[in-house]
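Structure first, commentary second.
The values are calculated or read from the model by the stated rules, or taken from the named source; none is laboratory data. Remember, it's a predicted structure, so these values are computed and weren't measured experimentally. Here Cβ is always computed from backbone atoms with ideal geometry, including for glycine, and neighbour counts include all displayed protein chains.
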Ligand SMILES: [Zn+2]
Ligand SMILES: [Zn+2]
Ligand SMILES: [Zn+2]
């Protein structure tokens with residue numbers, strides 16, 4: 001499986017939109033890996049995780065062809081992960097998927113979109129332009145925790161996240177038959193139901209992408225439905241103890257907030273000691 005982090009920041013981005021804190025000022029000076037757009041990840045070239053406000057920037061920066069995407073997984077409806085108005089632009093007259101204006105794209109494969117409860121509840125009705133939706137252009141599916149589904153060559157298992165419980169935010173376990181990714185954004189320490197599921201099912205995890213909104217904090221900052229290095233270490237121990245991970249499993253921290261106060265290089269120095277990779281926009285991994 002190939003993974004590409006398109007964006008690696010929490011909701012406000014780094015530098016944050018209106019912010020002049022020391023980290024945001026340094027990020028503006030340093031650029032490069034210290035520019036973090038909102039979280040979004042591409043798997044191979046046909047599965048996309050989340051559809052936030054920086055999707056258009058990612059299309060431009062990486063030269064993406066989103067018409068190739070067959071499966072879109074939405075973790076939850078927070079605005080950094082889901083901008084439903086942008087989905088309008090997969091329809092005519094905003095998009096000619098096959099490249100041929102004369103053909104009506106009726107035979108073009110649908111985009112299967114799997115959404116958490118909160119995102120699904122208002123997704124299909126929220127198109128901002130009337131009469132643009134082609135029959136079958138997009139198909140919306142409600143994803144439910146612990147109910148695996150097949151999407152193309154992928155087996156996807158949604159898991160309950162410790163995040164926005166009323167909206168049933170999800171993390172995703174994604175397998176392409178060869179390898180398995182755990183994409184754990186956004187979440188705090190895993191809820192008991194998710195821990196029990198791992199204990200019982202014991203998937204072999206090749207790559208784990210953790211919510212690390214609080215960055216390198218070495219103690220429990222308490223509250224909140226996010227993680228930091230301290231909580232990532234606890235969760236890694238749990239997954240190892242359940243037999244879901246081995247010494248070959250790759251652990252990567254992602255979804256960073258400026259409130260964590262560290263530049264990319266500072267994070268790498270701290271995280272490497274504990275065996276965690278630090279994501280950056282454009283980072284690729286194959287496993
Ligand atoms: Zn987020
Ligand atoms: Zn800031
Ligand atoms: Zn969130």
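General observations
- Any hit, the range 172-183, residues being over 18 Å from residue 2 (Cα atoms), modelled with pLDDT of 95 or more and touching a strand residue (DSSP E or B) at 6+ places or on another chain (Cβ under 6 Å): no
- Highlighted here are the strands (runs of 3 or more DSSP E) found entirely within the range 173-287 that include at least 3 residues which are surrounded by 20 or more Cβ atoms within 10 Å (Cβ to Cβ), touching a residue at least 40 places away in the same chain (Cβ under 8 Å) and away from ligand 2 (no atom under 16 Å from the Cβ): 180-184, 207-211, 250-254.
- Look at (1) closer than 23 Å to residue 170 by Cβ; (2) in contact (Cβ under 8 Å) with a residue 60 or more places away in the chain; (3) away from ligand 3 (no atom under 16 Å from the Cβ) and you find that residue 12 fails only one, number (3).
- Residue in the range 226-235 that is within 16 Å of ligand 3 (Cβ to nearest atom), in contact with a helix residue (DSSP H, G or I) (Cβ under 9 Å, 6 or more places away or on another chain) and within 26 Å of residue 11 (Cα to Cα) present: yes
- Test for residue 129: is it over 22 Å from residue 71 (Cα atoms), more than 16 Å from ligand 2 (Cβ to nearest atom) and at pLDDT below 95: yes
- Residues of the range 15-41 satisfying the condition of being within 28 Å of residue 173 (Cβ to Cβ) and surrounded by fewer than 21 Cβ atoms within 10 Å (Cβ to Cβ): 33
- Any chance residue 134 is buried (at least 21 other Cβ atoms within 10 Å of the Cβ), over 22 Å from residue 8 (Cβ atoms) and modelled with pLDDT under 90: no
- Test: residue 50 is within 16 Å of ligand 2 (Cβ to nearest atom), modelled with pLDDT of 95 or more, under 30 Å from residue 146 (Cβ atoms) and in contact with a strand residue (DSSP E or B) (Cβ under 6 Å, 6 or more places away or on another chain): no
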